[in-house]
Amino acid sequence: MLIKFDDGSPFAQGAAGYNTVPGYEMSEHIVLMVEIGAPAAMKEAAVDSSSPYLIFSSDVAKSIGLNLSKPDATGRARIQGELIEGSIFVVPLTLLADPGEGVSLQQNVWAFVPHPDRKFDPDPLPPTLIGFKRCLDGFLFAVDPFKQTFYFG
């Protein structure tokens, strides 16, 4: 059931149950299924609100058809406390609603891909991170940790 504001208007347009990282069930990691890129590719992604952008490895970038030699920009991002150089692309990100839980939502977001010579492995998290600035800040969202549900609108 989608959550609503006090006046009855919808807060969220969609909702998805989220998982924890295997072996880290008591952790606070939120792991969702999302679609990234024009040729939509489903990926598992962890919410990391301390990071900017949508962040993924060069392997993920290649799998969704990004041309790593033609970024929209280059720059640096602080990811999990470490300053990393890389390329920036604008890509469509779709938050996938569970069946019967509203609609999936798509926004163009900034994606950051660390330079290929830079090993990016947020293990035990999936190789795709959903950061806050220039990514999740384009969505209205809430988390219900008791129902393990991620709401978005």
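No value in this document is a laboratory result; all are computed from the given coordinates. All values reported here derive from a predicted model rather than from experimental measurement. Cβ placement follows ideal geometry from the backbone for every residue including glycine, while neighbour counts extend to all protein chains displayed.
Structure data summary
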item: Residue of A142, A41, A73 that the Gaussian network model of the chain assigns the largest fluctuation, springs spanning Cα pairs under 10 Å; result: A73
item: FRET efficiency for S69 and F132, using Cβ-Cβ distance with R0 set to 35 Å, rounded to 0.05; result: 0.80
item: Vicinal HN-Hα couplings computed from phi for the range 139-152 (Karplus, 6.51 cos²θ - 1.76 cosθ + 1.60; Hz; Gly/Pro x); result: 10, 8, 8, 8, 10, 10, x, 6, 9, 6, 10, 10, 9, 8
item: Choice from P127, P116, P92 with maximal GNM fluctuation in the chain (Cα, 10 Å cutoff); result: P116
item: Rg to Rh, two decimals, where the range 49-152 supplies the alpha carbon set and Rh follows Kirkwood; result: 0.98
